[in-house]
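A.B. asks: Structure incoming, see below.
Just so it is clear, none of the values below were taken in a lab; they were calculated from the coordinates. The structure presented is a predicted model; accordingly, all values stated were derived computationally and were not measured. Counting neighbours? That spans all protein chains shown, and the Cβs are built from the backbone with ideal geometry, glycine included.
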Amino acid sequence: MEFPRRRILYLAAGAAAISAAPRLARAETYPSRPVRVIVGLPAGNSPDIVARLVCQSLSERLGQAFVVENRPGAATGIATEYVVRSAPDGYTLVLALAGNTVNGWVYKLHYDFISDITPVVSIGGIPLAMVVNPAVPAKTIPEFIAYAKANSGKTFMGSSGNGSLPHIFGALFGMMAGVELIHVPYKESVFPDLLGGQVQIAFEPVPAVLGYVRAAKLHALGVTTPQPLAVLPGVPAIAEFLPGYEGSGWLGIGAPKNTPADIVETLNKAVNAGLADEKFKARLDELGVVVSPMSPAEFAKYIVSETAKWGKVVAFAHITAE
């Protein structure tokens with residue numbers, strides 16, 4: 001009986017070595033060819049620019065081309081589903097966005113973002129600002145709340161569409177402040193009607209409103225981050241008046257589920273190394289990105305908490321795709 005036992009142990013050891021060999025080779029060679037980062041938005045907007053900067057950093061650090069591929073449509077659903085259906089080999093990644101934690105509550109999807117996408121790394125957040133037309137007789141958030149209550153049914157909030165982050169963040173404000181904001185979705189930019197006074201309020205990314213605020217064409221009453229922002233001096237955090245209010249448009253990198261942990265770790269370390277570089281960080285600061293590096297586990301936990309949070313807002317505000 002001794003010979004078969006030794007033979008079994010020998011074969012088992014050999015099988016283990018064979019099984020480990022591809023993993024070792026993969027860890028040593030990844031990436032060995034170009035990597036695509038799928039972006040669910042058109043080229044030229046802030047998230048797309050951030051994705052291209054991150055790809056450039058990754059190319060320099062990992063020695064292979066990281067290339068952005070734009071696949072806009074269906075509130076980033078087309079891009080996300082494409083990556084979900086891709087091989088989990090680290091060569092097809094997705095630019096994960098805050099909207100991914102909302103889409104499952106608003107749209108009928110053929111995937112589940114939490115279970116079908118592996119969180120790789122957080123890049124950072126893009127704060128939004130609560131801005132009003134100068135004709136609105138409110139200079140502070142308490143004054144606006146009083147104005148909205150006195151003009152219930154006549155206070156209009158513009159956004160880039162049903163279930164968009166500006167819509168969701170405005171709905172959260174209305175829920176916590178106890179005011180009714182009539183939502184007006186726009187297929188194109190909300191700014192013409194916001195500047196013209198057809199809508200009174202909007203929640204928009206800080207980079208998009210800075211010029212209007214500095215030119216006094218819009219008044220910024222608050223920011224959606226827990227603390228004020230240096231680029232908007234004197235503008236308080238909404239949370240100072242509505243404790244617990246917080247929202248940020250964030251960006252990160254995701255991969256198909258079952259992507260090997262060593263590949264995820266390689267990408268996470270490379271991106272975080274870039275985020276620690278002062279020149280790279282300064283470039284992101286110019287785009288309004290608040291750098292927020294995380295481990296894959298921390299990023300996964302954050303996505304779960306954000307999904308639960310915005311699900312409650314969607315239910316409260318009865319937000320649908322139409």
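A.B. asks: On average over all directions, what projected area in square nanometres does the stretch 144-202 have, based on the convex hull of its Cα atoms?
C.D. replies: Numbers: hull surface 14.3 nm².
Taking the Cα atoms of the stretch 144-202, their convex hull projects to 3.6 nm² on average.
A.B. asks: Return the subset of 108/217; 217/312; 187/309; 139/281 for which the Cα-Cα distance in this structure is over 30 Å, preserving the input order.
C.D. replies: Working: 108/217 38 Å; 217/312 34 Å; 187/309 26 Å; 139/281 33 Å.
Beyond 30 Å: 108/217; 217/312; 139/281.
A.B. asks: I would also like to ask the following. Looking at the stretch 128-240, send over the antiparallel percent of its DSSP beta bridges, to the nearest 5.
C.D. replies: On the way: 9 of 16 bridges.
Of those bridges, close to 55 percent are antiparallel.
A.B. asks: For residue 159, which sequence-distant residues (separation of 5 or more, or a different chain) have an amide H within less than 5 Å of its own amide H, given hydrogens modelled in the peptide plane?
C.D. replies: Those lying under 5 Å, H to H, from residue 159 are 184, 186.
A.B. asks: Using just the helices of the chain, give the 222 nm mean residue ellipticity in deg cm²/dmol: DSSP H runs with n ≥ 4 each add -39,500 (n - 2.57), and the total is spread over all residues, rounded to 500. Let's see the in-between values first.
C.D. replies: Details: 12 runs with 148 residues, N = 322.
Dividing the helical sum by the residues of the chain leaves -14500 deg cm²/dmol.
A.B. asks: Take the Cα radius of gyration of the stretch 66-127 and divide it by 2.2 N^0.38 Å, with N its residue count; two decimals is plenty. Write out the running numbers ahead of the final one.
C.D. replies: Numbers: Rg = 11.5 Å, N = 62, 2.2 N^0.38 = 10.6 Å.
Against the compact-globule rule of thumb, the ratio is 1.09.
A.B. asks: For the stretch 128-240, compute Rg over Rh where Rg is the Cα radius of gyration and Rh is the Kirkwood radius from the inverse mean 1/r over Cα pairs. Walk me through the numbers before you get to the answer.
C.D. replies: On the way: Rg = 12.5 Å, Rh = 13.7 Å.
Ratio value, two decimals: 0.91.
A.B. asks: Continuing with this model, one more query. Starting from the amide H of residue 121, placed 1.01 Å from N in the peptide plane, find each other amide H under 5 Å away whose residue is 5 or more places distant or on another chain.
C.D. replies: 253
A.B. asks: For the stretch 87-186, what is the convex hull volume of the alpha-carbon atoms per residue, in Å³? Could you put the intermediate results ahead of the total?
C.D. replies: Working: hull volume 13.9 nm³, N = 100.
Cα-based convex hull of the stretch 87-186, divided per residue, equals 139 Å³.
A.B. asks: Tell me the label-point distance for the pair residue 195, residue 217, using the 7 Å Cα-to-Cβ offset, in nm and rounded to one decimal.
C.D. replies: 0.2
A.B. asks: May I ask for the distance between the Cα centers of the stretch 256-271 and the stretch 116-153, given as a whole number of Å?
C.D. replies: A separation of 35 Å, based on Cα centres.
A.B. asks: Another question, then. Would you work out the Kirkwood radius for the stretch 177-300? I mean one over the mean of 1/r across all pairs of different Cα atoms, in Å. Mind dumping the intermediate values first?
C.D. replies: On the way: mean 1/r = 0.0573 Å⁻¹.
Result for the stretch 177-300 stands at 17.4 Å.
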